[in-house]
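Undergrad: Attaching a single structure in structure tokens format; questions to follow.
Readers should treat all values here as calculations from the given coordinates under stated rules, not as data from a laboratory. Everything numeric here is computed off the predicted structure, so don't read it as measured data. Cβ: placed from backbone, ideal geometry, glycine included. Neighbour counts: every protein chain shown.
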Amino acid sequence: MNTRFNLSLNQKLFITLFSLLLFANISFANTSIEVGPAFGKQAPAISVINTLQQPVNIKQLSGDNGLILLFFRSADWCPFCKKHLIELNNHAEKFTNLGYGLAAISYDNTDILKTFAKQKNIRYPLLSDQKVQTMLAYDIVNEEYAATSKHYGIPYPGVVVIDNKGNVIHKHFFKGYKKRVNFTELYLQLKNGT
């Protein structure tokens, strides 16, 4: 009887563990989505302005090895975006030492971006896509907001890495607003060429 109880207990533990692993895989799979420009293809042009209200392009923003573009919802009202922008700022030197330029794009106006950059001492450009041209070109406009919504133009949060030839070599986007790219993992992938 004791052996039977242990077997039953082991079975219960196995089932519980299996369920937890299955749930974890399902929930991670549901947060990552397949949007954005295609791997290995030329990255779309960006139609954005910097905080000085000057148009900028990929070539101007790139380092010797390319450009890391962070797409975010808002530096005004999104606490997850603010935290992620600060995290990128903390990793900025590592990425620039690898030869990459950095920039972050949202639908925020330039005043919001300028204020946030100054308050948090952000060392890379924050760019405004108020006309939603870049978000549409990159196929990352969040579909939860209609064109008539005041939040239209919000992207799915994520990252696109463009090499020095202008090709997309990495991208990762999330449907939810809480899950974000881990910059330590991205750094290691770029450093190791994976």
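Undergrad: Within a Cβ distance under 9 Å of His151, other residues only, what is the Lys/Arg minus Asp/Glu net charge? Please report the intermediate quantities before stating the final value.
TA: Details: positive: Arg73, Lys150; negative: Glu144.
Charge balance near His151 sits at +1.
Undergrad: Test of understanding: ordering His91, His151, His172 by Cβ neighbours within 10 Å, fewest first, what list do you get? Before the final figure, lay out each step's value.
TA: Values: His91 16, His151 13, His172 19.
Starting with the residue having the fewest Cβ neighbours, the order is His151, His91, His172.
Undergrad: As a test, work out the antiparallel percent of DSSP beta bridges whose residues both lie in segment 34-192, rounded to the nearest 5. Don't jump to the answer; show the numbers that get you there.
TA: Values: 16 of 25 bridges.
Here the share of antiparallel DSSP bridges comes out near 65 percent.
Undergrad: Among the listed pairs Lys94/Lys179; Lys41/Lys175; Lys165/Lys191; Lys150/Lys178; Lys120/Lys191; Lys83/Lys150, which have their C-alpha atoms separated by more than 25 angstrom in this model? Before the final figure, lay out each step's value.
TA: Values: Lys94/Lys179 22 Å; Lys41/Lys175 23 Å; Lys165/Lys191 18 Å; Lys150/Lys178 21 Å; Lys120/Lys191 27 Å; Lys83/Lys150 23 Å.
Too far apart for the 25 Å limit: Lys120/Lys191.
Undergrad: Could you please tell me the mean projected area of the C-alpha convex hull for segment 34-192, averaged over all directions and given in square nanometres to one decimal? Write out the running numbers ahead of the final one.
TA: Values: hull surface 33.2 nm².
The number I arrive at for segment 34-192 is 8.3 nm².
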